[in-house]
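See structure below.
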Amino acid sequence: MSARIDDDAGLRRILSEVTTIALLGASPKPERPSHGVMRFLLSKGYRVIPVNPGQAGGEILGQRVYADLASIPEPIDMVDVFRTSEALPGIVAEILALANRPRILWTQLGVRHAEAAEAAASGGLDVVMDRCPAIEHPRLFTR
């Protein structure tokens, strides 16, 4: 069983170790928060794979878009969720059904679901909820 990560040391560890991120709810629209966060993560050297069924087969910021997590043909370290809190139980079930599970479930600001977090942690994932990596990265790594 893994845990809910809320402390700076745990967040720093995650952001230091992760290389490949699936971004659920990625948008091709520059004004959308998911687009800005994806741009930021790409600028920091992360491999970001956008997931959006309505955009599948296209590209966002030069990265091929996939319809769902199971369609991604490479291992991912972290799933960053830009979806509603109500969608989290289904997302966690999708993650736990993957043959090669990511190690981290990260949900964006305002996205929280206690039972989904518990299920993800029980399934072996570290869980970060209600935080943004584009806020945490500069806070933790910039002096």
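Side notes on the structure shown:
- A simple spin-label model places pseudo-atoms 7 Å from Cα toward Cβ; at A70 and D7 they are separated by 3.8 nm.
- Straightening the chain between A114 and A97 buys 4.2 nm, computed as 0.36 nm per residue apart minus the Cα-Cα spacing.
- For a paramagnetic label modelled on L42 (point 7 Å from Cα along Cα→Cβ), amide N atoms under 11 Å away belong, within segment 59-99, to 59-65.
- Under the Debye formula (equal points on every Cα, no solvent term), log10 I(q)/I(0) of segment 8-141 at q = 0.12, 0.13 Å⁻¹: -0.40, -0.47
- Going from the residue with the fewest nearby Cβ atoms within 10 Å to the one with the most, S27, S43 rank S43, S27.
- Values of log10 I(q)/I(0), in the order q = 0.23, 0.26, 0.31 Å⁻¹, for segment 98-143 under a Debye, Cα-only, solvent-free model: -0.83, -0.93, -1.07
Read-outs: derived from the displayed coordinates by stated rules, not from any lab. All values reported here derive from a predicted model rather than from experimental measurement. Glycine also receives a Cβ, built like all others from the backbone with ideal geometry; neighbour counts cover every protein chain displayed.
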